[in-house]
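Data block below; observations after.
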């Protein structure tokens with residue numbers, strides 16, 4: 001049997017084995033350079049009379065008067081972390097022109113006058129995370145185009161002038177991806193060769209980002225996918241090749257997003273699936289291949305969403321199913337395959353919803369069943385298949401609802417005159433705890449209105 005050694009391991013071995021050829025190691029201790037003189041005198045201080053080209057542990061550059069890193073031009077390798085942060089006057093990092101590898105992580109942040117990463121053009125390997133954050137005038141990171149061996153998280157956050165992330169085309173696999181609060185970021189095309197992300201994908205608060213085309217080759221995300229508060233995002237078609245996510249999917253607060261068609265490759269979601277607070281979204285068709293949701297399924301606060309037909313293949317929801325505050329939602333027919341909800345099912349505050357026919361296949365919930373404040377709801381006939389409610393059943397403030405006789409099969413607590421599951425007729429399923437009927441029209445405000453043969457007082 002022939003074993004294949006991953007590229008990252010080969011790269012790490014190369015750098016470890018060749019480190020001795022680079023000459024003199026600097027101090028084995030953590031090195032912190034806190035002013036320009038310390039940068040300029042780096043070789044004098046740490047070279048021991050020779051040229052030091054490898055820092056064996058951490059190197060931190062942080063100082064109020066540091067303007068350049070020219071004193072580091074002989075440096076080729078860093079054994080642990082490189083941190084360049086809180087340098088109020090730093091204009092360039094050209095002094096790192098010969099740096100080839102950082103064995104652990106690179107962090108570049110809070111350098112308000114740094115406009116590019118020119119100087120890192122030779123950097124080929126980062127063994128851990130790469131974080132570029134809070135650099136107010138940084139416009140480009142294309143100097144990273146030589147980076148091809150990478151084994152950690154990628155974090156690009158709060159760089160107000162950064163327009164793209166070109167230069168990251170050499171990256172194929174990431175642990176976590178965080179792209180957040182980059183107010184000028186127009187595209188993420190620099191990620192065009194990323195095919196897998198082991199952990200989380202977070203694309204948040206990038207006000208000029210209009211698409212996710214840079215993720216067109218992404219096929220898997222090991223944990224949550226979160227697309228949140230990207231005001232100019234009109235589509236997520238760049239996710240079309242994403243076929244699985246082990247945890248959750250959250251599409252929230254994207255003010256220009258009209259659909260979720262880019263999620264058409266998903267067949268299951270391990271935890272939560274949330275489509276919330278997207279004011280112009282009109283369609284859930286992109287979810288048409290999802291068959292199960294392991295956690296919560298939430299469709300809420302989508303102002304002009306009129307239907308949820310894209311959920312037509314979902315048969316199982318492991319925790320809560322919540323359909324709420326969708327001002328234009330006219331029906332929930334897209335839930336017609338749902339047979340069981342592991343915890344709470346709630347249909348709340350959907351003013352144009354007239355019926356619950358989309359719940360025709362529902363046989364039970366593990367927790368509450370709540371239908372509340374749907375002002376035009378006139379029928380609960382869609383609940384006719386329900387056999388059990390694990391906790392409370394609440395039917396309240398549905399002002400046009402007048403006929404609830406279809407619910408008689410849920411009233412085991414009436415059969416034995418005792419709230420909760422009990423020894424009543426075995427053919428009448430249970431409501432696990434309380435039944436609450438109020439503020440609907442007459443016919444749905446009390447148990448006696450539904451089952452007149454019973455005495456008043458069991459409301």
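Nothing in this text is a laboratory measurement; each read-out follows from the coordinates by a stated rule. Note that the structure is predicted; figures quoted are calculated from it, not measured. Neighbour counts are summed over all protein chains in view; Cβ atoms, including those assigned to glycine, are modelled from backbone coordinates with ideal geometry.
Our estimate of slack between residue 136 and residue 436, defined as 0.36 nm per intervening residue step minus the Cα-Cα distance, is 102.4 nm.
Using C-alpha pairs under 8 Å with a sequence gap of at least 6, the mean separation divided by the residue count of the chain gives a relative contact order of 5 percent. Run the quick spin-label model on residue 339 and residue 315: label points 7 Å from Cα toward the beta carbon, then report their separation in nm to one decimal. Each label point lies 7 Å from its Cα, and together they span 0.5 nm.
Rounded, prolate or oblate for region 76-209? Axes are the square roots of the Cα gyration tensor eigenvalues, ordered a ≥ b ≥ c, and the cut-off for rounded is a/c under 1.5. Here region 76-209 falls in the oblate category. Taking other C-beta atoms within 10 angstrom as a stand-in for reagent exposure, 404, 444 fall in the order 444, 404, fewest first.
Applying 1/(1 + (r/R0)^6) with R0 = 51 Å to the Cβ-Cβ distance of residue 28 and residue 292 gives a FRET efficiency near 0.45. Provide the FRET efficiency to the nearest 0.05 for the residue 378-residue 161 pair, computing r from the beta carbons and using R0 = 51 Å. So, using R0 = 51 Å, E works out to roughly 0.40. Once the C-beta distance of residue 80 and residue 354 is scaled by a Förster radius of 60 Å, the resulting FRET efficiency is 0.40 to the nearest 0.05. Its relative contact order, with pairs defined as Cα atoms under 8 Å and 6+ residues apart, puts region 62-147 at 28 percent.
The relative contact order of region 174-223, computed from alpha carbon pairs under 8 Å that lie at least 6 residues apart in sequence, is 47 percent.
Compared with the alpha-carbon gap, the fully stretched path from residue 113 to residue 255 is longer by 47.9 nm at 0.36 nm per residue.
Going by neighbour counts of Cβ atoms within 10 Å, the residues 288, 442 line up, fewest first, as 442, 288.
Counting other Cβ atoms within 10 Å as a rough exposure proxy, the listed residues 54, 438, 271 run 438, 271, 54 from fewest neighbours to most. Under the rule a/c < 1.5 gives rounded, and otherwise a/b versus b/c splits prolate from oblate, where does the chain land using the Cα gyration tensor? Prolate. Simple spin-label estimate for residue 88 and residue 44 gives 2.5 nm between the two label positions (7 Å along the Cα-to-Cβ direction from each Cα).
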